[in-house]
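Only one structure is covered here, and it is reproduced in the block below.
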Number of protein chains: 2
Amino acid sequence: MDAVWFPRTDRVIDAAHAHNLTELEILALDADVNLADGHPRQDLTPGQRAIVDRMPQLFDVARHTPFEDLETRAHRAFLGALGQRLAPVGRGRMYSAYASSVGMDVVARCLAEAAPRVGLIHPTFDNIPDLLKAWSVQLVPLEEDELGARAIERAGALDAVFLTTPNNPTGHVVDADTLGEIAEYCAARDVVLVLDTSFRGFDTRSQYDSYELLDGTGVEYAVIEDTGKLWPTLELKLGIVVESRRNRLDIERAMSDILLSVSPFVLLMVEALAEDAAAGGFARLHELVAANRALLRGALEEVPHGQVIDNGTRISVERVKLADGLSARAMSDELRARGVHVLPCGSFHWARQDACDNCLRIALGREPETLRRALPELRRALATAAGPAVQSTA
Amino acid sequence: MDAVWFPRTDRVIDAAHAHNLTELEILALDADVNLADGHPRQDLTPGQRAIVDRMPQLFDVARHTPFEDLETRAHRAFLGALGQRLAPVGRGRMYSAYASSVGMDVVARCLAEAAPRVGLIHPTFDNIPDLLKAWSVQLVPLEEDELGARAIERAGALDAVFLTTPNNPTGHVVDADTLGEIAEYCAARDVVLVLDTSFRGFDTRSQYDSYELLDGTGVEYAVIEDTGKLWPTLELKLGIVVESRRNRLDIERAMSDILLSVSPFVLLMVEALAEDAAAGGFARLHELVAANRALLRGALEEVPHGQVIDNGTRISVERVKLADGLSARAMSDELRARGVHVLPCGSFHWARQDACDNCLRIALGREPETLRRALPELRRALATAAGPAVQSTA
């Protein structure tokens, strides 16, 4: 039951042969209960519904508005809704992409060309190290819970530091003090600082003005912003790469090899969605994620062999640590056989995968009803598996 | 007047410092008359208008339909409308991307990993050699007008052959006999064959069933299909990478590093647009391009110092060769100063740019009215510049 069978198929994707986390997520796209990917799959809110209902009109407005206006308006509305008031909107150093991963690919190319030895946060979603390695970037792990100037210094000679904040899957936020310390360290040592802030919209603690802080230190930076994790708009989304004024990364050129422009229609959608988010939509999203988190945590309370470990996280995924001796890979296989897709977390630990097969990642960007269907299966799987395993390690 | 000035700008993009053709196209996005890029900017037809008017309903259908169904339906409708009846739809070897250039980037990575010495058609749009070179692929030019097994053999040891057909900017089509000869040569020598067929929709002579032909030879191949040049849907589009059953390129993995899935909404749009195209939309598009081509050619008839050279082309751009001694770069700068943006063709000749500064590329995927506004400026610029230049080389 693990395979997606295509009619008259030449190829079968199955979980045992998945190359990476995304391939496991692809398996879950049409699953009975998909709690695998961190994309937003909840219902539209009334505000979002009204925007979707206006799509034909937005299309016409987009057709007849200068592209530069649309792009500036979308950037201003989105970054403004996230507290990034001093983001350099309209100054020729913000590049729109079809998705944050396209921006990531461009930044990875630029790092390979101009700053090839990179300290990368650990753990993090595996497509980041995979894309960087594909471009022949050399990676040094920076442990998330030790982040600071001292840890970066200990990592040895680096050309760049790459942080995901809030981090996926842990929800860890690099606070303003720590980011300031790191940015000043990087500025002093001529190290480029790259941030992936795709989950920023979920956590107000990450919404201090990063651009004010970064530009204040003079550090060379690139920040990858993302609308794609927030609104259930069927992948109509935008990645934005923002660069510092002085920058050795030639993002402009690498981006122009990939695209002429994003969709003006999507820019107008993003502006409308960001305005809706600022006017209460984000608060509503935070309530949904918090309610789903409470559902999951409540269900786990009665099951001693799985527990949440990221107590402060607010992003739209949650890690569940299994009892010692249990394999997250085996547990996710078992859940998948019951129609419930989640991710085993091993691959997030890109620098030492074999050591970290004890967590599941559960997506929360869903209707509560979807979680309610999954939680009994999760509890049953944990209860069944935990007994002998706990005994064996007791 | 060549620069796009941003308010309180940190950076100015200008034509003199453009890195590539796309940056010149970006300059033209909000121009008075944009005949620079080959993207479709004509008005919606009534059939397309009806699809845009149904966007909210399509959004809802996409939300509630299995992704695999949407993708298979979009692929079948689009490839079917292009005569590709034996394309391997639904067999797990067609990968959807946000755009053909994202597919190109993925194929470039795979070539670098598994087939790094590539014979590439010459001339062609510069983002193809630029992306391949960024991934450290080694390029050998294959002259478009000499294509065949013998020319490929003369190019020396190759791991792959990369052809754009119909080619951009020339409109040159690799016919079935020539493709068969090349595919058999590649199959016999274990050479991968890559095709970029982004402009296939404009020319029925390129709509013989490439998949029947390729699969019949057993060649390892990748084909990049593209909806993005055909319909004026504001960059709501799809690139599709199709691979042969046996293939050394790990497209599945490289694609999964870039994306989880394209938009299900865009898949449904593509299906509807392809059905409309098959039911007369493509014929109407061909009439529009032919009418614009006739307008341009008619205007040039009265100006002896610029002439079309791709007599058989049917794609949505046309080359205009200038009189000897005239610089296409200087001419496009002059036209730009008059508000009319076109492309100088030097950069298409990626293997020997300095030798080829004598052609302009004029986009035809526009309303005829847009051309009518540009043609007097083109004629005036040619008439003014041609005199002394022609004298000096007479």
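The values are calculated or read from the model by the stated rules, or taken from the named source; none is laboratory data. A quick note: this is a predicted structure, and the numbers were derived from the prediction, not measured. All Cβ positions, even for glycine, are placed from backbone atoms using ideal geometry, and neighbour counts span all protein chains on display. All accessible areas refer to the heavy atoms of the entire protein, side chains included, with ligands and DNA or RNA removed. Shrake-Rupley method; radii C 1.70, N 1.55, O 1.52, S 1.80 Å.
Placing a label point 7 Å from the Cα of B:Glu212 along the Cα-to-Cβ direction, the distances to the matching points in the other copies come to 6.6 nm, shortest first. For chain A, a Gaussian network of Cα nodes joined below 10 Å ranks A:Asn167, A:Asn20, A:Asn292 by mean-square fluctuation, and the top entry is A:Asn20.
The C-alpha atoms of chain B define a longest principal axis, and helix B:176-189 lies at about 60 degrees to it.
Accessible area buried by the pairing of B and A, both sides summed with a 1.4 Å probe, works out to roughly 6600 Å². Computed from point charges on the beta carbon alone (+1 for Lys and Arg, -1 for Asp and Glu), the dipole magnitude for chain B about its Cα centre is near 380 Debye. The residues of chain A present an accessible area of 35 Å² per residue when probed at 1.4 Å with all protein chains retained. In chain A, taking the dipole from charged Cβ atoms about the Cα centre, the farthest positive-side position among A:Ile26, A:Phe125, A:Leu382 is held by A:Leu382.
Annotation: for a label point projected 7 angstrom from Cα along Cα→Cβ of A:Ala31, residues of region A:308-324 with backbone N closer than 14 Å are A:318, A:320.
Straight-line reach from A:Lys237: taking Cα to Cα under 24 Å and skipping same-chain neighbours fewer than 8 places apart, the lysines in range are A:Lys229, B:Lys229, B:Lys237. Note on the protein assembly as shown: the alpha carbon radius of gyration divided by the globular reference 2.2 N^0.38 Å gives 0.96.
The ellipsoid that matches the Cα gyration tensor of chain B has semi-axes, each √(5λ) in whole angstrom, of 34, 27, 20, with the longest given first.
The magnitude of the dipole of region B:237-315, with charges of +1 and -1 set on the Cβ of Lys/Arg and Asp/Glu and taken from the Cα centre, is near 220 debye. Structural size metrics of region B:90-181, computed from C-alpha coordinates, are Rg and Dmax of 13.4, 38 Å. In nanometres and ascending order, the distances from the B:Asp30 label point to those of the other copies are 4.4 (point 7 Å from Cα along Cα→Cβ). Between A:Ala330 and B:Asp250, the C-beta separation translates, for a Förster distance of 22 Å, into a calculated FRET efficiency of about 0.25.
On the beta carbon distance between A:Arg54 and B:Val61, with R0 = 25 Å, the FRET formula returns roughly 0.90. Using equal-weight Cα scatterers in the Debye expression, the normalised intensity of region B:178-273 in log10 at q = 0.11, 0.20, 0.23 Å⁻¹ is -0.39, -1.08, -1.22. Can you list the residues in region A:54-89 whose accessible area drops by at least 50 Å² when all protein chains are present, compared with the chain alone? Use a 1.4 Å probe, heavy atoms only. Going by heavy-atom accessible area, the residues of region A:54-89 that drop by at least 50 Å² are A:Met55, A:Pro56, A:Phe59, A:Arg63, A:Glu68.
For A:His19, the solvent-accessible surface with a 1.4 Å probe is about 70 Å², rounded to the nearest 10. Position A:Leu295: other-copy label points at 5.5 nm, ordered by increasing distance, label point 7 Å along Cα→C-beta. Spin-label pair B:Ala291-A:Ala283: with each label point 7 Å from Cα along the Cα-Cβ axis, the two points sit 5.4 nm from one another. Around the Cα centre of region A:39-145, unit charges on the Cβ atoms of Lys, Arg, Asp and Glu (plus for the first two, minus for the last two) sum to a dipole of about 380 debye. For region A:68-136 versus region B:166-194, the inter-centroid distance based on Cα atoms is 37 Å.
Can you tell me the 0 to 90 degree angle between the C-alpha axis of helix B:282-301 and the longest principal axis of chain B, rounded to 10? With both axes taken from Cα atoms, the answer is about 20 degrees. Taking chain A, the Cys residues with no second Cys beta-carbon under 4.7 angstrom are A:Cys110, A:Cys186, A:Cys356. The fraction of accessible area contributed by carbon and sulfur in region A:46-276 is 45 percent, rounded to a whole number (1.4 Å probe; ligands and nucleic acids excluded). A loss of 50 Å² or more of accessible area (1.4 Å probe, protein heavy atoms, ligands and nucleic acids excluded) relative to the isolated chain is seen in these residues of region B:92-114: B:Tyr98.
Largest accessible area first, the listed residues A:Arg336, A:Arg85, B:Arg352 line up as A:Arg85, B:Arg352, A:Arg336 when surface is computed with a 1.4 Å probe on the assembled protein chains.
Here is the P(r) of region B:46-276: all C-alpha pair distances, binned every 10 Å from 0, give 8, 35, 37, 16, 5, 0 in whole percents. Of the residues in region B:222-243, those shielded by at least 40 Å² of accessible area once partner protein chains are present, compared with the chain alone at a 1.4 Å probe, are B:Leu234, B:Glu235, B:Leu236.
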